[in-house]
Amino acid sequence: MSVVEPVSVPEQQANPEVFPYAMSPVEPMSRDASLTWIRDSRMQLAEEVSRHGAVLLRGFPWQSDEDFDAAIQAFGQPNFTYAESLSNAVRINRTERVFTANEAPPDVSIYLHHEMAQTPVFPAQLFFFCEKAAEIDGQTPVCRSDWLLQRLEAERPDFVARCRELGVRYRNSMPDTDDAQSGQGRSWRSTLKVQSQAEAEDRLRSLGYDWEWQAGGALNFTSPRLPAIRKLSCGREVFFNQLIAAFRGWQDAEKSILFGDYSAIDSADMVRTCDISDEITFDIPWQAGDLVVVDNFLVMHGRRPYQGKRCILVSLVANDGSRLAA
């Protein structure tokens, strides 16, 4: 008899895969036993994450950042540190592998996105851990971007064709110093891991970015052309980009996202894209101790506003490129 079995969660989706997939211990389990189960089951868990896009582990004896770190290590996945990422979110490391999800104020919405899809460097998977659930709301919305792409292909084929052919570029700004009041307030010094403007320019040049310095030391930049749709090695195509988050959450949204040839993206296409994503999004209703593994290629995520104290911790898995089609 299995010590951990699949369970249902309210409003769980199926199209046709269950989303998210959820598992719980059949009986109370010790911390050591839970880590042993992960090590023994990690191949199966990897298959479930790849198939379903997200796996929720609920009812395990994990309470702290140390427990979360130990669980991550039991999965045996390569680390992708916050320091080496180009994430524009302000975060605080708890351990080498574990950091806070986002230091933005609780009334700030963080809209659906693939982690770091607006950059050339992005993780393969994300681990989320609920150290403390909010008193009100604070769910993590997740959305299958392959399902979203299927809907867009049927309803907005011209938009999809342009995304596939032209790719996209992102225009944004990095402040001179960290701004924890913003969902994307990480400074250019921290993001680029540099100390001077000259070093920042060298780093941006190596990544293919264009840039312009602003009064007060802020840095405006334009990304290189990046794919808006990616094909995975398994054959699935995904709407892998940062368009929804940028359109809904960035300043001067219509100027912040462009096709790869610098032509404008029709706002009507983006409004419909956002509406469809809302229709097929699942909100993870956090309980303390929940751990969720998310396939970053297949699933977008975000954050609902909340009231009360809330702490969701995160860890990232390095991307070796093997999930992408040649």
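The values are calculated or read from the model by the stated rules, or taken from the named source; none is laboratory data. Since the structure is predicted, the reported quantities are computational estimates derived from the model, not experimental observations. Neighbour counts run over all protein chains shown; Cβ positions are idealised from the backbone, glycine included.
Observations, loosely collected:
- Among residues of the stretch 69-80 that are assigned to a helix (DSSP H, G or I), those with a Cβ under 6 angstrom from a residue that is among the aliphatic types (A, V, I, L, M) and modelled with pLDDT under 95, sequence gap 6+ or separate chain, pair up as Asp69/Val98.
- Matching residues, the stretch 98-125, being crowded, with 19+ Cβ neighbours inside 10 Å and outside any loop (DSSP other than H, G, I, E, B): Phe99, Ile110, Tyr111, Leu112, His113, Gln125
- Residue check: Gly321 meets all listed conditions (1) assigned to a loop (DSSP other than H, G, I, E, B); (2) at pLDDT 95 or above; (3) of a type outside the set (Phe, Trp, Tyr) but one, namely (2).
Residues checked against (1) touching a Gly at 6+ places or on another chain (Cβ under 8 Å); (2) modelled with pLDDT of 95 or more:
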{"site": "Gly208", "(1), (2)": "no, no"}
{"site": "Gln214", "(1), (2)": "no, no"}
{"site": "Ala218", "(1), (2)": "no, no"}
{"site": "Ala228", "(1), (2)": "yes, yes"}
{"site": "Ser233", "(1), (2)": "no, no"}
{"site": "Glu237", "(1), (2)": "no, yes"}
{"site": "Phe240", "(1), (2)": "no, yes"}
{"site": "Leu243", "(1), (2)": "no, yes"}
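- First in the stretch 10-23 and part of a strand (DSSP E or B), second anywhere and charged (D, E, K, R), Cβ under 9 Å, 6 or more apart: Gln13/Arg144; Phe19/Arg144; Tyr21/Glu48; Tyr21/Arg51; Ala22/Arg58; Met23/Glu5; Met23/Glu48; Met23/Arg58
Listed here are the residues, each with its yes/no results for (1) assigned to a helix (DSSP H, G or I); (2) of a type in the set (D, E, K, R); (3) in contact with a strand residue (DSSP E or B) (Cβ under 7 Å, 6 or more places away or on another chain).
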| position | (1), (2), (3) |
| --- | --- |
| Phe127 | no, no, yes |
| Glu131 | no, yes, yes |
| Ala134 | no, no, yes |
| Cys143 | no, no, yes |
| Asp146 | yes, yes, yes |
| Ala154 | yes, no, no |
| Cys163 | yes, no, no |
| Ser173 | no, no, yes |
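- All conditions but one from (1) assigned to a strand (DSSP E or B); (2) outside the structural domain of Phe122 (by TED's automatic domain parsing); (3) closer than 30 Å to Glu131 by Cβ; (4) not polar (S, T, N, Q) apply to Phe240; the one that does not is (1).
- Residue count for the stretch 92-115, restricted to those that are of a type in the set (Val, Ile, Thr) and without any contact (Cβ under 8 Å) to a residue 60 or more places away in the chain: 2.
- Some residue of the stretch 254-274 being modelled with pLDDT under 95, in a loop (DSSP other than H, G, I, E, B) and surrounded by fewer than 17 Cβ atoms within 10 Å (Cβ to Cβ): no
- Top-ranked residue of the stretch 110-153 - restricted to ones that are closer than 22 Å to Arg169 by Cα and β-branched (Val, Ile, Thr), ranked as nearest to the chain's Cα centre (by Cα): Ile110
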